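Presented below is the structure to which this report refers.
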Amino acid sequence: MGVWAVRCDSGRGRTVLRARQHSAPYHLAHGLLDHSQYLICLGDTEAAETAIGEASGIADRLRDQPLLNRAADLPAHTRIRPRW
């Protein structure tokens, strides 16, 4: 379990943990990227980068270029800070 999963008690975090246990790697990778977007909104860029890195590794092993592209597009957004 990555650092991001320990720090986030959201429904998304629980969903990703279930996906890790019961889903195909492709679906897990998408869940990790969805969760990383949520973490970015919270300002937890370290945890988001961890999730993005794991998703990228899965996408690389699957040789799924669209998934790799999606993961590659996210790190640039980790510099965004919440507005509240």
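Rule-based calculations on the coordinates, nothing more; no lab input. Here the structure is a predicted model, which is why all the values come from computation and not from measurement. Virtual Cβ from ideal backbone geometry, glycine too; neighbours counted across all protein chains shown.
A few remarks follow.
- With a simple spin-label model that places each label point 7 Å from the Cα along the Cα-to-Cβ direction, the separation between Leu42 and Arg63 comes to 3.6 nm.
- Phi angles of region 42-49 translate, via the Karplus equation with coefficients 6.51, -1.76, 1.60 and θ = phi - 60°, into HN-Hα couplings of 7, x, 8, 5, 5, 5, 4, 5 Hz per residue; Gly and Pro are given as x.
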